[in-house]
Amino acid sequence: MAFQDVSRRAWRRAACILAAAACLGACTPEYNWRELEVAGGRARAAFPARVQIEQRPVVLEGRELSFTLTAARVGEAVYAVGYAQVPADPALQERLRRALVESLYANMGVPPPGGAPEGDIEIRAEVGGRPTLLMGRVRVYGDALVEAVAAGPADELPPERASEFLRSLTPSR
């Protein structure tokens, strides 16, 4: 009789553990942050999900630059860091930085404010009939023009998560 009681308790315990594991499995976090080197090793950033990397040409100041983009998606929100190598000319680098900032506004269909902001940018616009948020920063790290952007439908992109992503972008040591 004692053996049967122990056996029943063991089965109940096992059933409870399996039920708890099933519940936890159903509650997997949307955000699974991971820190990676980006911009050819010139910077680090924390992404909220698995990343994909692609290259595309970008034209700034009449120059075609090869832009490498590392991006992750959470729902319809995109978190991305892109970079292009640029000549070591500080005046040209600043013009390219400004042009890249202005292109973010243009892509959202919003006129840029006077001059390209030096700090982080936040753009709210209607895109495809939905309120959309883009938060970004554009920096020059050595010979690289680096852009970090979190963008998506306003109801799918928590500003605190976008800010967390932007703050994670730091130059490598």
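By definition, a body whose alpha carbon gyration tensor gives a ≥ b ≥ c is oblate when a/c is 1.5 or more and a/b is not larger than b/c, and the range 31-171 fits this oblate description.
With a sphere of radius 14 Å drawn around the Cβ of ALA49, what net charge do the other residues whose Cβ falls strictly inside it have (Lys, Arg +1; Asp, Glu -1)?
-1
Note that the range 73-83 has calculated 3J(HN,Hα) couplings of 10, 10, x, 9, 8, 10, 10, 9, 10, x, 8 Hz, one per residue in order, obtained from phi through the Karplus relation 6.51 cos²θ - 1.76 cosθ + 1.60 (θ = phi - 60°); glycine and proline are x.
Taking a point 7 Å from the Cα of GLN55 along the Cα-to-Cβ direction, the residues of the range 64-90 with backbone N closer than 14 Å to it are 65-70, 83-86.
All of the numbers you see were taken from the coordinates with simple rules; none came from a lab. Because the structure is predicted, anything quoted here is derived from the model rather than measured. Heads up, the Cβs are rebuilt from the backbone with ideal geometry, glycines too, and the neighbour counts pull from every protein chain shown.
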